[in-house]
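K.L.:
Shown below is the structure under consideration.
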Amino acid sequence: MVVSEAPGQRYIPDFVIYMALGKPVVDIAKYKFMVDGLVKNKLTLSYDDLSNLPMKKFKSDFHCVTGWSVKDVEWEGIPLTFFAEKAGVQNNVKWVYFTSLDGYTSVVAMEDYMKPNALLVLKMNGKKLPLEHGYPARIFIPHLYGWKGAKWVYKITFLEKYRDGYWEALGYNERGRVQLEERFKRI
């Protein structure tokens with residue numbers, strides 16, 4: 001293994017696949033992606049709607065909180081800023097909560113959500129996102145550990161007050177920034 005550019009990380013050749021709550025069954029014909037919470041306009045979009053939105057593509061390493069990284073993954077999806085703008089997020093929003101088809105949840109600070117390379121990913125390495133990586137859609141925010149990037153995501157909720165997600169309720173850090181090695185909550 002080669003040491004990653006990120007502190008405390010080592011590169012491995014391919015992803016370790018985690019499914020904390022099991023792999024969901026995805027019925028793409030019934031899939032709806034929603035945006036709610038402290039917004040002026042709630043959104044509901046089908047997978048086809050998402051697929052037809054302007055997308056951004058870039059390469060970035062993926063970092064797992066357990067210490068491994070995968071180098072130069074190509075991510076393609078809709079910038080998360082699009083959903084904030086389209087929904088009309090209220091000024092008092094500080095946190096963004098993601099809900100997945102399997103019941104998994106994750107939370108990120110609004111300032112992390114609004115970064116230019118934060119995406120709702122539909123494609124990975126030039127192909128439709130595989131089911132084990134979160135098809136039909138997953139969150140990817142390059143400077144955060146992978147647990148923040150909910151797979152199989154179907155809902156974004158904008159909040160004023162912090163709410164633990166799945167791993168945060170088990171002691172993982174509220175922010176999860178890789179460069180600061182924010183792995184666990186301080187006791």
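The values are calculated or read from the model by the stated rules, or taken from the named source; none is laboratory data. Note that this is a predicted model, so its numbers are computed, not measured. Because the Cβ atoms are built from the backbone with ideal geometry, glycine has one as well, and the counts that use them run over all protein chains shown. These accessible areas exclude ligands, DNA and RNA; they are computed on the full protein's heavy atoms, side chains included. Shrake-Rupley method; radii C 1.70, N 1.55, O 1.52, S 1.80 Å.
K.L.:
Counting only protein heavy atoms, what percent of the accessible surface of the chain is carbon or sulfur at a 1.4 Å probe?
P.N.:
Working: 4770 of 9220 Å².
That fraction is 52 percent.
K.L.:
Right, here's the next one. Whole-Hz Karplus ³J(HN,Hα) for the stretch 20-29, in order, using 6.51 cos²θ - 1.76 cosθ + 1.60 and θ = phi - 60°, x for Gly and Pro?
P.N.:
3, 10, x, 8, x, 8, 10, 9, 5, 5
K.L.:
Considering only the chain, what is the antiparallel percent among its DSSP beta bridges, to the nearest 5? Walk me through the numbers on the way to the answer.
P.N.:
Details: 37 of 43 bridges.
Here the share of antiparallel DSSP bridges comes out near 85 percent.
K.L.:
Could you work out how far apart the two model spin labels at Glu174 and Met19 are, taking each label as a point 7 Å from the Cα in the direction of the beta carbon, and quote it in nm?
P.N.:
3.3 nm
K.L.:
Within the stretch 1-115, what is the number of lysine pairs with alpha carbons under 14 Å apart, leaving out pairs fewer than eight places apart on the same chain? Before the final figure, lay out each step's value.
P.N.:
Values: Lys32/Lys42; Lys40/Lys86; Lys42/Lys86; Lys56/Lys115; Lys59/Lys71; Lys94/Lys115.
Taking the stretch 1-115 as the scope, the lysine pair count is 6.
K.L.:
At most 14 other C-beta atoms within 10 Å and a DSSP loop state: those are the exposed trypsin sites (Lys or Arg not before Pro) I care about. Give me the longest piece of the chain that has none. Could you put the intermediate results ahead of the total?
P.N.:
Values: sites that count: Lys30, Lys40, Lys42, Lys94, Lys161, Arg163, Lys185, Arg186.
The answer is 95-160.
K.L.:
In whole Å, what is the distance between the alpha-carbon centres of the stretch 64-114 and the stretch 1-17?
P.N.:
The stretch 64-114 and the stretch 1-17 have Cα centres spaced 22 Å from each other.
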